[in-house]
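Written below as structure tokens is the structure these notes are about.
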Amino acid sequence: MTSSVESANTSISNDSSATDAILSPEMMAKLERMELVSRKIFRGRMKGERRSKRKGQSVEFADFRNYVAGDDLRFIDWNLFARMDRLYLKLFLEEEDLHFYTLIDDSMSMDFGEPSKFRVAKQIAASLAYIGLCRGDRVSISTFTSSASPIVVRGRSSAHRMLGFLQNAPCSETSPTMEESVRRFCLKNTGKGIVVMITDLMSKTGYETALKMLVAREMDIYLIHILSPEELKPTLTGDLKLLDCEDLDMREVSVSATLLERYEQTLNGFIEQARSFCNRRSITYVSVRSDQDIDPLLNEYLRARGLVR
Amino acid sequence: MSWINMLTPMQWLLLAAIPPAILSLYFLKLKRRESLVPSTLLWKKAIEDLHVNSIWQRLRKNLLLYLQLLFLALLILACLRPGWSGLNRIGERRIYVIDNSASMQATDVQPSRLEVAKSKAKALISDASSNDVAMVIAFSDRADVRQGFTSDRRRLLDAVDSIQPTSRTTDANEALRAASGLANPGRTSFEENKDIQVAEAVPATVYMLTDGAIGKLAEDDLGQLKIEYIPIGKPGTENLGIVGFAIERDDSQKENIETFSRIINRGSEHVDCTASLYLDNNLVDASSVSIDAGQEVGLRFELSGVDTGQLRLELDHQDALMVDNVAYAAIRPNRQVSVLLVTAGNTALEKALQTGKLQQLASLKIENVGFLDSPEYEAASGDAQFDLIIFDACAPKKMPAGNTLFLGGVPPEDIQGDSRWEFGELTGPALILDVNRTNPVTEYLEMASVSIVEMRTVKPPATGTVLMTSDVGPVFAVAPRGPYQDAILGFELVRPTAQGVEINSDWGIRRSFPVFIYAAIEHLGGGITAASAPSVLPGGAIHLTLSSRSNRYDIVDPKGKKVSIDRGVDGRFIYTQTDVPGVYEVHSEGLGQAVERFCSNLFSASESDLGIRDTIDTGADKIAATGATIRARQETWRWLLVIGLGLLMLEWIIFNKRIFV
């Protein structure tokens, strides 16, 4: 197991030697000690390291029940039989794998910022996925474009594949809307689990429907709202023709202190609205700046939010 | 509403360039910079309320432009200094008296004294308070009111600009009289031997911009005027000038001519130079001139074999005033008057016509009375071959084309009748009581001792003049007949009878008779008597006596400009357009050659003196120069205007840059 991690790490660093690696080895070492936490207990498909609703084989005792013919003799509590002279079957909590889904917004608007929001989104996704992989969870990563055909990996040995996928994922001009992407995602992934959606929420059609769809799946949903400093505090001056990089929508503005103030109000309102929308629907909302280091984000922020432990 | 233009055309052009500049800035502003943003979602929301009403938004965008254009329009309006003729108190009265005589052409101060005077006057006008009224007078030997009292500075400045240099002499008194008269119109009125002040005397300040060569001012002319003398020019400016140039024909040898000139050195140093004499622009003689400081020398040239032409004397010496370094003279055309005498025989008359002077003046043809019936006479009288025809005790059947002098005989009936000549019956004896001294023909006649046996009264038409009056009535008169003149004497000297001649008057043996004949031929015939053409000061009037053989003459000035004049009835003419120094020629309509010449010369010792006077003498008082002490108020509104415009542009740029703290 150890060697495979090393090889994955090596290959990642080799892969990303030309460009910046999404995850540094140090970061990976830190991540290995973490685990993803789900507030809900889901049923997995395979045996894993997660407690399941199902009783099964694990070291964790769950209950006793009367032996009935046909039960596996291996689970009879002989000590209890000796004391009570009755056959009891010792039940253990079944440990199953956790389904961890990451959905990354790959619309053109994510390509902004330094580093770009998309890159930061990929780093967050990679970090969380790596944690999941280390804990043997089932990790599914997809972008909006590829929401219908996500990459599904399991086990630490797949880290290389996962990182490779993320490394090569580009922002796409043909990215579908958030609503469409989530709809496809939901159709494709019927299982339960943790969903982390990393997006800037800059969707003109709105994000509400998409999130509602996810909520309806009864998944443990995390929304990582990523915004670049340029969006949070625009440095624009003068008379400008603002061009939307996605739909080429054009807005003429004469930037003034008043306008900037109004923008800030609008932005705060937008964030607040998103936060309150999420809170009402038990979606964990996490706001992230693209120029923020992801280490404190994972170690403090997400830990506090209960996504990682 | 009245307007005063305060800017030059160039400044107006600059001002006119500003509105397009603002407009172009406005259009530049519209050309927005493109900026790619992740999403316009939030921006859209942020500017959502601004888009509620886009028309208002557009208006608001334009509002700034309108405000700026309005500001600019007001600025331009302000430059026109709009105003009403209100009831404001009239401020100080100022009179700018600017000398434009010949000495002001001096170049001791650049570009010339006159230009300096004009710029000083303009500075004074610009510095005057807006309530002040002012007038502009240019003066040389005469005053020229260029602009009456007005507070319109633009008109005053234009009036100053219009002043041109002249070659005339200086007489400030007329200018001051004009100033005083215009400043205080109707100062006094006489009524029953009382001196009544009809208008309140308003004091006015006269700014005299002159080099001071104006002589003494008459104190009486000053009235309420306060004179500020602003001297123009550098003190001690040296100058050499010709103050006299004349020619004389040698009486013994007609083709020899002598020229005399007087050259004055108005400087502090001895001057050696050359004087060159040109005849019709060809150098004919030259002489070196050596004059001590403050002295004058005479210069004489002799020319032989010269019949006619123009002479020019030039000093090749560079000094501040060049106009007095050239003098002109002309030899008059040696023209003789053609005179026809028709007589039955008159010894006194014939003797009078044979004097040397008259021989030079006139060519005489004597015919008997019978000649009047000949075809030659018909032809000669029809096409004005003679300047003057003298009918001695006879008369033609028809008046000839030409001036006539009747001695005795009754002219034909075609000049008698209603409002024409009237002749009385023969009566006698008679005595001449009065002679008209104002007419050149009878100017020098002494007729008191002349006895007349019989005479007729001669009553000229209304247009005529009686020249002699006897105890029985007018006896000699002159009157125009179309372009000609008829002079008719009411008695003859000798009367032809069957027995011979009978003496009718003893005038023929009196001294006054040849004088009369000479004057009559000179003035009625239009003869030229002197070799030297008359010379006048520039701008002066010249009296010309022109032959009756042509009715129309052209006067060509030194610059070649031609002025056509109609010969007056009496053949005399006064010409005043002599501002350009040089030789003027009079051409007869048909003849190519000049029939008369005259010159315009600046022969003025005072104009040639370029020294600056410290004071102006007004008799009792002396007015000191105040040029140095006149406070010039420098206007700064133009600069403020420029700064205002600059601030406007800066405001615009700052607004566009959105520099905010």
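The values are calculated or read from the model by the stated rules, or taken from the named source; none is laboratory data. All of these numbers come straight from a predicted model, not from anything done at the bench. Here the Cβ is made from the backbone with ideal geometry for all residues, glycine too, and neighbour counts use every protein chain on show.
Summary of values
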item	result
Boolean, A:V196 is away from chain B (no Cβ under 11 Å), surrounded by fewer than 19 Cβ atoms within 10 Å (Cβ to Cβ) and under 15 Å from the mean Cα position of the chain (by Cα)	no
Close pairs (6 angstrom Cβ cut-off, 6 or more residues apart or separate chains): over 14 Å from A:I124 (Cα atoms) in the range A:282-293, at pLDDT 90 or above and not hydroxyl-bearing (S, T, Y) anywhere	A:I283/A:L223; A:Y285/A:L223; A:Y285/A:R275; A:Y285/A:C278
Any hit, the range A:104-114, residues being more than 23 Å from B:S35 (Cα to Cα) and not aromatic (F, W, Y)	yes
Residue check, A:S142 more than 14 Å from every other protein chain (Cβ to nearest Cβ) and outside any helix (DSSP H, G or I)	yes
Selection within the range B:519-565 - aliphatic (A, V, I, L, M), assigned to a loop (DSSP other than H, G, I, E, B) and either modelled with pLDDT under 75 or more than 23 Å from the chain's Cα centre (by Cα) (or both)	B:I528, B:A530, B:A531, B:L546
Qualifying residue in the range B:359-370 (condition: more than 29 Å from B:Y584 (Cα to Cα) and part of a helix (DSSP H, G or I))	yes
Enumeration of residues in the range A:229-262 that are hydroxyl-bearing (S, T, Y), more than 7 Å from chain B (Cβ to nearest Cβ) and not in a strand (DSSP E or B)	A:T235, A:T258
Failed condition for A:E300, given (1) more than 7 Å from every other protein chain (Cβ to nearest Cβ); (2) at pLDDT 80 or above; (3) in a helix (DSSP H, G or I)	(2)
Of the criteria (1) in a loop (DSSP other than H, G, I, E, B); (2) within 14 Å of chain B (Cβ to nearest Cβ), which one A:M110 fails	(1)
First in the range B:386-397 and farther than 26 Å from B:S550 by Cβ, second anywhere and in a strand (DSSP E or B) and of a type in the set (K, R), Cβ under 8 Å, 6 or more apart	B:A393/B:R495
Flag for B:T457 being within 36 Å of the chain's Cα centre (by Cα) and crowded, with 19+ Cβ neighbours inside 10 Å	no
Selected residue [on the phi > 0 side of the Ramachandran plot and out of contact with any strand residue (DSSP E or B) (no Cβ under 6 Å at 6 or more places or on another chain)] from B:G402, B:G345, B:G370	B:G345
Hits in the range B:467-504 (condition: among the acidic types (D, E) and either outside the structural domain of B:P440 (by TED's automatic domain parsing) or over 19 Å from B:N346 (Cα atoms) (or both))	B:D471, B:D486
Condition check for B:L114: exposed (fewer than 11 other Cβ atoms within 10 Å of the Cβ), part of a helix (DSSP H, G or I) and at pLDDT 80 or above	no
Close pairs (8 angstrom Cβ cut-off, 6 or more residues apart or separate chains): farther than 16 Å from B:L640 by Cβ and modelled with pLDDT of 75 or more in the range B:60-80, part of a helix (DSSP H, G or I) and of a type outside the set (A, V, I, L, M) anywhere	B:Q68/B:W652; B:L69/B:P19
Some residue of the range B:291-311 being closer than 30 Å to B:G500 by Cα and either in a helix (DSSP H, G or I) or not β-branched (V, I, T) (or both)	no
Single match in B:T438, B:T465 (criterion: more than 25 Å from B:P375 (Cβ to Cβ) and surrounded by fewer than 18 Cβ atoms within 10 Å (Cβ to Cβ))	B:T438
Residue in the range B:365-372 that is within 30 Å of B:V536 (Cα to Cα) and of a type in the set (A, V, I, L, M, F, W, C) present	no
Any hit, the range A:263-284, residues being closer than 30 Å to A:L31 by Cα and within 14 Å of chain B (Cβ to nearest Cβ)	yes
B:N346 touching a helix residue (DSSP H, G or I) at 6+ places or on another chain (Cβ under 8 Å), in contact (Cβ under 8 Å) with a residue 12 or more places away in the chain and under 16 Å from B:P496 (Cα atoms)	yes
Close pairs (6 angstrom Cβ cut-off, 6 or more residues apart or separate chains): assigned by TED's automatic domain parsing to the domain that holds B:I247 in the range B:293-308, part of a loop (DSSP other than H, G, I, E, B) and surrounded by 13 or more Cβ atoms within 10 Å (Cβ to Cβ) anywhere	B:A293/B:G267; B:S304/B:N256; B:T308/B:P333
Search result, residues across the range B:13-51 that are assigned to a helix (DSSP H, G or I), modelled with pLDDT of 70 or more and either facing chain A (nearest Cβ under 8 Å) or farther than 19 Å from B:L647 by Cα (or both)	B:L13, B:L41, B:L42, B:W43, B:K44, B:K45, B:A46
Residue within the range B:188-203 that is within 27 Å of B:K622 (Cβ to Cβ), among the aliphatic types (A, V, I, L, M) and at pLDDT 80 or above present	no
Number of positions in the range B:388-399 that are within 12 Å of B:Y377 (Cα to Cα) and surrounded by 23 or more Cβ atoms within 10 Å (Cβ to Cβ)	1
Residue among B:T469, B:T463 that is touching a residue at least 12 places away in the same chain (Cβ under 8 Å) and part of a strand (DSSP E or B)	B:T469
Residue list for the range A:199-218, restricted to those being buried (at least 24 other Cβ atoms within 10 Å of the Cβ) and within 19 Å of A:V139 (Cβ to Cβ)	A:T199
